[in-house]
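Asker: This is the structure I want to talk about, given as structure tokens.
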Amino acid sequence: MSQVMKWVEITIRTTEEAADAISEMLAQIGADGIAATDPYEFRNTIENDPLSYCDDGTIESYGEDVVIKAYFAELDGGYFRMGPKSEEFVDPNGVGMIYGNITNKTMAVSDAIEYIKTRLSEIGEFLDIGKGFEGYSYVKDEDWANNWKKYYHAFKISDRVAICPSWIDPETIEAENKIILDPGSAFGTGSHETTAMCAKILDKYMEQGVSLLDLGTGSGILAIIAKVLGAGDVEAVDIDSLAVKVAEDNCRINGCGDIDCYTGELKSVKRSDYDVIVANIIADIIAEIAPDVPGRLKSGGLFICSGIVNTKAPRVEKALEDSGLIKIAAEEDNDWRAYVYRKP
Ligand code: SAH
């Protein structure tokens, strides 16, 4: 059994657009910890959110790039254990362009670095990754284990809901509903524009007692928001079984143990009469599933979707209109869109 010698900190300097895809990739290939600092999001939060504060000079020190730091444990002899930390994460048919192939083996540190560079250039084929790989260095265990926490803070994701990391006392946060959510191995801390737009739409459009499907639930965040805002039967579904495990835990922690979490995709969901389906995935997948959406909704039901980068919006709108849905609202935040469609 190898034993952990040191922690290696890999730094990637990128754009807001590519930050999430890169973080997901790093989690997939086996990073033990990931911390991203997004100067835009950070400034926005500090300037507009009365719940947050920071020391003088912190904002300026962030510059313009999103800086991602990934931490890998270096084993005896200079190796990383690559690949997902759980067997169940192995799904070569996962979210294609984000996940790609998964290596489940040890790799010399220098090979691992090359591998990460290759994966970055693959992501660079569909997103602007900016400066990309910057370098790596060794850090002391104690440093990384706690440092990333300071970048996460409580924030209001919609009028009636705040997201709070577990290490912040919820009593100090003022909000009608508080959801405890820590950054972890599944996507969905609420800090992404697309998640926030879906949350705001749920807060505004969702009626009490509705049946709701959260497709591509990730951390479970949107399912939990829907539940605390008064949805009735809620299902949280993801093609990634690890995400489903994370979602189950998050539901339980938030007193939403009755949310039905399971592995699947739209074709395999349990009902064909949801009042609301929310899907924050990516444009290509939304366009691909569009023809099957009306068959899963009650008449009058809502399809809320996001994850749609501006440039792909026309294709998604066309696919949804071709399926017979009617657009009732569109939201935009930075490069991202979210929509509300209704089944006639
Ligand atoms: N709902 C969360 C997470 C969004 S990330 C939020 O809004 O923050 C998108 C999630 O969709 C990922 O967890 C991914 O595994 C899942 N996913 C990707 N393709 C899918 C598909 N075809 N069907 C269901 N889930 C899918």
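So that you can scan it fast, the table gives a plain yes or no per residue for (1) crowded, with 23+ Cβ neighbours inside 10 Å; (2) modelled with pLDDT under 95; (3) touching a strand residue (DSSP E or B) at 6+ places or on another chain (Cβ under 6 Å); (4) among the β-branched types (Val, Ile, Thr):
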residue: Met197; (1), (2), (3), (4): yes, no, yes, no
residue: Gly216; (1), (2), (3), (4): yes, no, yes, no
residue: Ile225; (1), (2), (3), (4): yes, no, yes, yes
residue: Leu229; (1), (2), (3), (4): no, no, no, no
residue: Ala236; (1), (2), (3), (4): yes, no, yes, no
residue: Lys267; (1), (2), (3), (4): no, no, no, no
residue: Asp273; (1), (2), (3), (4): no, no, yes, no
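Asker: What number goes with the only condition from (1) within 12 Å of the ligand (Cβ to nearest atom); (2) at pLDDT 95 or above; (3) among the small types (Gly, Ala, Ser); (4) open to solvent by 10 Å² or more (accessible area, probe 1.4 Å) that Gly209 does not pass?
Answerer: Result: Gly209 fails condition (1) only.
Asker: So, Ala175, is that one of a type in the set (Gly, Ala, Ser), in a loop (DSSP other than H, G, I, E, B) and modelled with pLDDT of 85 or more or not?
Answerer: Yes, satisfied.
Asker: Give the number of residues within the range 215-236 that are within 18 Å of Ile253 (Cα to Cα) and either assigned to a strand (DSSP E or B) or among the hydroxyl-bearing types (Ser, Thr, Tyr) (or both).
Answerer: Going through the range 215-236 one residue at a time, the tally reaches 5.
Asker: Here's another thing I want to ask about it. State all residues of the range 240-254 that are more than 13 Å from the ligand (Cβ to nearest atom), assigned to a loop (DSSP other than H, G, I, E, B) and modelled with pLDDT under 95; if no residue qualifies, say none.
Answerer: Passing the criteria: none in range.
Asker: What's the total number of residues in the range 285-313 that are open to solvent by less than 30 Å² (accessible area, probe 1.4 Å), in a helix (DSSP H, G or I), of a type in the set (A, V, I, L, M) and over 18 Å from Leu202 (Cβ atoms)?
Answerer: 4
Asker: A further question on this structure: Sort through Gly188, Gly220 and tell me the only one that's open to solvent by less than 20 Å² (accessible area, probe 1.4 Å) and near the ligand (Cβ under 7 Å from one of its atoms).
Answerer: Testing whether each residue is open to solvent by less than 20 Å² (accessible area, probe 1.4 Å) and near the ligand (Cβ under 7 Å from one of its atoms) leaves just Gly188.
Asker: Checking Val237 against (1) farther than 17 Å from Val276 by Cβ; (2) near the ligand (Cβ under 9 Å from one of its atoms); (3) touching an Asp or Glu at 6+ places or on another chain (Cβ under 9 Å): exactly one of these is not met. Which one?
Answerer: So Val237 meets the others, but not (1).
Asker: Still on this structure, please answer the following. When you go through (1) more than 10 Å from the ligand (Cβ to nearest atom); (2) modelled with pLDDT of 90 or more; (3) open to solvent by less than 10 Å² (accessible area, probe 1.4 Å); (4) not polar (S, T, N, Q) one by one for Pro165, which number turns out not to apply?
Answerer: Looking at each condition in turn, Pro165 falls short on (2).
Asker: Continuing with the same structure: Part of a strand (DSSP E or B), open to solvent by 60 Å² or more (accessible area, probe 1.4 Å) and either among the basic types (Lys, Arg) or modelled with pLDDT of 75 or more (or both) - does that describe any residue in the range 2-9?
Answerer: Yes, some residue in the range 2-9 is part of a strand (DSSP E or B), open to solvent by 60 Å² or more (accessible area, probe 1.4 Å) and either among the basic types (Lys, Arg) or modelled with pLDDT of 75 or more (or both).
The values are calculated or read from the model by the stated rules, or taken from the named source; none is laboratory data. Given the structure is predicted, the values throughout are model-derived calculations rather than measurements. Backbone-built Cβ (ideal geometry, glycine too); neighbour counts: all protein chains shown. For accessibility, only protein heavy atoms count, side chains too; no ligands or nucleic acids. Shrake-Rupley method; radii C 1.70, N 1.55, O 1.52, S 1.80 Å.
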